[in-house]
Amino acid sequence: MRFLVVGAGAIGGGVGGLLHAAGIDVTLVARGAHLAALRDDGLRLRVGHEAERVLAVPVVGTPAEAAITDDTVVLLAVKSQQTAAALADLVPHLLPATPVVSLQNGVSNERTLLRHVEHVQAVTVMMPSSHLEPGRVRLHSAGRPGLLDVGRYPTGVDDTTRRVAADLTAAGFESLPRPDVMAWKHRKLLTNLGNAVNAACPPGEDADALVGLLHAEADDVLAAAGIEVVSEAADTERRGELLRPLVDRDGVGSSTWQSVRRGTGDVEVDHLNGEIVLLGRLHGVPTPANELVRRTLHDVVRRGAPPQTVPAAGLLDELDAQSART
Ligand SMILES: NC(=O)C1=CN([C@@H]2O[C@H](COP(=O)(O)OP(=O)(O)OC[C@H]3O[C@@H](n4cnc5c(N)ncnc54)[C@H](OP(=O)(O)O)[C@@H]3O)[C@@H](O)[C@H]2O)C=CC1
Ligand SMILES: CC(C)(CO)C(=O)C(=O)O
């Protein structure tokens, strides 16, 4: 099995780097200043408390430059809002049976992938990591670097699932084949509803209260939609001590915070809070808090504002005012 990693940032760089370090055949696809830094200086990867290492992982600028053969498996690790554009570059070069594995948050990517490729695998990505400068990736867990359970989409486990999980395990990750991987990804979606609050608002009690509202709406929406979600207890048990304690994150926030901080010009919120808004509209459940957070974050990006500058108290007041009007 050889891996082509499309999107070599925090997740793609971290997973690709550790697979490469384990002697597994990996090629990264990157772009811009990150591509230049990877080509010129290698991938500078810091895992937990270890010293930074420099890994000479092969890198190309487009999927067209990569050799895709019968044993290639694509790991897709771009942000969800970048999936469609990445697929447009990728799909013409794939073989009909090439598996594409979504190493992404949210639950929308797998369905998008299945429109274009026959073989899709989904991964629950629990891997706190960061990519704030070209060429550099940091994995913040002091335990296992990440928990990456895999399943065939929409459901099931096959030989590819087992082989991907085995290679991820050989690279040091915790990874189990899971037929119900999407139920785990829906649980992870609940965690990621806080990404936008972490990106937009200063941390504190008001931000916690706002995240509580996001979760309450999501619980109602997912129940109304009849979507299977693994329990919080199962999720906590699976995480166990694997990802704890986190290395001091030096003020580094969620993956959405990192997009705002790097000024990438777009964020994943439509696929996280926006997924709850969409399901709410489909199933007749109001989701004012998720919609307000979604709009607020887009506004932050449009204004080019720094992260964590929108007081959560103001958003809570606005929600109160909205509810008084209805
Ligand atoms: N970071 C984290 O802690 C975690 C992230 N996740 C999820 O993992 C997924 C990936 O996130 P993350 O790694 O943080 O994101 P990053 O922004 O760090 O990495 C994505 C990389 O893909 C590049 N890219 C985008 N489109 C293309 C393309 N068409 N061709 C080549 N490269 C491309 C981006 O380049 P550019 O910068 O130029 O856009 C960037 O380097 C997301 O769904 C995220 O929610 C899940 C768990 C934890
Ligand atoms: C849970 C968390 C915050 C871990 O880094 C994450 O998934 C993200 O940043 O997107």
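Quick notes
- Value of [θ]222 nm, deg cm²/dmol, for the chain, DSSP H segments ≥ 4, -39500 (n - 2.57) each, nearest 500: -13500 deg cm²/dmol
- Principal-axis tilt of helix 288-303 within the chain, Cα atoms, nearest 10 degrees: 60 degrees
- Translational diffusion of the chain, µm² s⁻¹ [Kirkwood Rh, Cα pairs; Stokes-Einstein; 37 °C; 0.692 mPa s]: 163 µm²/s
- A 1.4 Å probe, protein heavy atoms only, puts the accessible area of TRP184 near 20 Å².
- GNM top mover of GLY106, GLY23, GLY143 - the chain, alpha-carbon springs below 10 Å: GLY23
- Gain on full stretching of the segment that runs from ALA84 to GLU237 - 0.36 nm per residue minus C-alpha separation: 51.7 nm
- Surface accessible to a 1.4 Å probe, per residue, for the residues of the chain, Å²: 42 Å²
- Pair HIS49, ALA67: separation of 7 Å Cα→Cβ label points (nm): 4.2 nm
- Here the Gaussian network model covers the chain, with springs between Cα atoms less than 10 Å apart; of GLU174, GLU268, GLU133, GLU133 fluctuates the most.
- The string of couplings for the range 196-209 from the Karplus curve (6.51, -1.76, 1.60, θ = phi - 60°) is 5, 5, 4, 6, 8, 10, x, x, x, 4, 5, 5, 4, 5 Hz, one whole number per residue in order, with x for Gly and Pro.
- As a size descriptor, the averaged projected area of the C-alpha convex hull of the range 185-325 was calculated at 9.1 nm².
- Whether the range 31-157 is rounded, prolate or oblate, judged on the alpha carbon gyration tensor where a/c under 1.5 counts as rounded: oblate
- Exposure of THR287 as accessible area (Å², to 10), given a probe of 1.4 Å and all protein chains: 20 Å²
- A Gaussian network model of the chain, with springs between Cα atoms under 10 Å, assigns the largest mean-square fluctuation among ASP235, ASP250, ASP299 to ASP250.
The values are calculated or read from the model by the stated rules, or taken from the named source; none is laboratory data. As the structure is a computational prediction, the values presented were derived from the model and not from experiment. All Cβ positions, even for glycine, are placed from backbone atoms using ideal geometry, and neighbour counts span all protein chains on display. Note: areas computed on protein heavy atoms with side chains; ligands, DNA, RNA excluded. Shrake-Rupley method; radii C 1.70, N 1.55, O 1.52, S 1.80 Å.
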